[in-house]
Amino acid sequence: MKDLTKLTLAEARAGLVKKDFSSVELTQAHLDAIEQANGALNAYVLVTGEHALAQAKAADARLAKGAGGALEGLPVGHKDLFCTNGIRTTACSKILDDFKPTYESTVGQNLWDAGAVMLGKLNMDEFAMGSSTESSTYGPCISPWRRTGDTTPITPGGSSGGSAAAVAADLCLGATGTDTGGSIRQPAALTGTVGLKPTCGRVSRFGMVAFASSLDQAGVITRSAEDAALLLGVMAGLAVTLLALFRKKRWL
């Protein structure tokens, strides 16, 4: 079997439906990968292992009944700019310290309603103001890429550097990001991943810590264009439409 952390979102979804593996197995494989690599990369500023495994177990129960959403059982990383109900959200700034929101961002709610599993919160430039993920209160994020023959740490870009590094290093199947002036597109370019900043208004900004609301957009970082369409569609509230399309293609 292919390494579970190397799958695309679409491949993992198909594998779950065929019962090649469970969401708990898929999630645990990613948590193990995070434990091994995150110390060096600092992509995650908070790992929500127990929460993720509980979500995965619930997803397996739904899948066993032949039910489930477009992202059912798929583990993803979530940029620390999105409010998560009862889970620390700091925008990687000491100003917010141990802030635990009492509500979920629309992006997050759409993801969890579609069955996605949250592995943790991802590193970023403080308040998304930067392009190298070096201004985070949790320390800089490091790219999994290296120059040939050189061990010097290099930046994954920013501000969604944690998202890009996590996807590139196989520490999640896909990740949320935000882009004001290049904060998804630039880190995706620096890590060989797919980044997409959608058109203004496509995705709700509710529950996203603001930088410049006229420019801020929630988007995705993934391994393929297909995955970007899948993840963005759910974030934008198009999960029902996506399910219909997937069934037509026999992905479900």
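Both the radius of gyration and Dmax for the stretch 107-146 are 13.4, 37 Å, in that order, over alpha-carbon atoms.
If only the Cβ of Lys and Arg carry +1 and only the Cβ of Asp and Glu carry -1, the dipole of the chain around its Cα centre is close to 840 debye. Start at zero, step by 10 Å, and the Cα-Cα distances of the stretch 42-129 spread as 19, 47, 26, 7, 1 percent across the bins. The value given for the chain is a Kirkwood hydrodynamic radius of 17.5 Å, derived from the mean inverse Cα-Cα separation.
Here the 3J(HN,Hα) profile of the stretch 186-201, calculated from phi with Karplus coefficients 6.51, -1.76 and 1.60 at θ = phi - 60°, is 5, x, 4, 5, 7, 10, x, 10, 9, x, 9, 9, x, 5, 3, x Hz, Gly and Pro shown as x. Find the relative contact order for the chain and round it to a whole percent, using C-alpha pairs within less than 8 Å whose residues are 6+ positions apart. Once normalised by length, the contact order is 21 percent.
Taking label positions 7 Å along the Cα-Cβ direction at both residue 134 and residue 95, the computed distance is 2.1 nm, reported to one decimal.
In this structure, the residue pairs whose Cα-Cα separation is over 27 Å, taken from 57/79; 94/121; 57/121; 6/79; 65/197, are 65/197. On the beta carbon distance between residue 150 and residue 225, with R0 = 30 Å, the FRET formula returns roughly 0.45. If you wrap the tightest convex hull around every Cα atom of the stretch 1-76 and split its volume per residue, you get 86 Å³.
No lab work stands behind these numbers, since they all come straight from the coordinates. Keep in mind that this is a model prediction, so the values were computed, not measured. Glycine also receives a Cβ, built like all others from the backbone with ideal geometry; neighbour counts cover every protein chain displayed.
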